[in-house]
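Below: the structure, in structure tokens.
Laboratory data are not the source of any read-out in this text; all were calculated from the coordinates shown. Quantities reported herein were computed from a predicted structural model and do not represent experimental measurements. FYI the Cβ positions are ideal-geometry reconstructions off the backbone, even for glycines, and counts take in every protein chain you see.
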Amino acid sequence: MLDLAATPEAPPAPPTDMPSSPLQPRNERPLRAEQPRLQPRVELPTFDSPDVQNPDQALDEPEGPPSEEPMQAQAPPSADATPSTRLAARHTVSGARTEMAATWQGILLGHLEQHRRYPRQAERLRQEGTAHVRFSVDQRGHVANARIERSSGNALLDEATLDTVQRASPVPPPPTELAPYPVDVMVPVEFYVRRR
């Protein structure tokens, strides 16, 4: 039998008046004695020009007689534009509808993939292809009117595609935003032999 030593423990903490909570680091900076800021000393060049008696006065006052009119802000020139005859698109939720449709179609494809069976004869002959099937789905997910929209080029694979849709029924119901029902769907069903 193997005896293990007791694990070391920290001594109990003395009681405090503060409520118990997880310790969090403080973001305080240590206090420093304020040091006076040093101003850089800039030496200005002297003007030896006879034209300027006082350089500060030469910069502040414009040459010439002062104008009596106060300066007014001017608006930018206006452009005479004709109103557009095109109207902006109305704000709709079609983007959200498209996103929901794409999400539902992805779920539907995954559901069909679970029910897809590669025909043995086609697999043995290494026949491959993608058939596009069109069908209608009601609000409860029941499939109707399944038909091959675009053939895979192989009758066995086309028949297996229709069998896949029938096996998968009922499929996940479409979102209510895709109403009116039934919703028409066209999806690809792929048959490819895995290369080893």
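Tabulated data for the structure shown
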quantity: Dipole-positive endmost among VAL143, ALA160, ALA179 within segment 114-196 (Cβ charges, Cα centre); calculated: ALA160
quantity: Spacing of the two label points (7 Å from each Cα toward its C-beta) at MET100 and MET186, in nm; calculated: 2.4
quantity: For segment 98-196, size of Cβ-based charge dipole, Lys and Arg +1, Asp and Glu -1, in debye; calculated: 580
quantity: Long-range amide H partners of VAL143 with built H, under 5 Å; calculated: VAL171
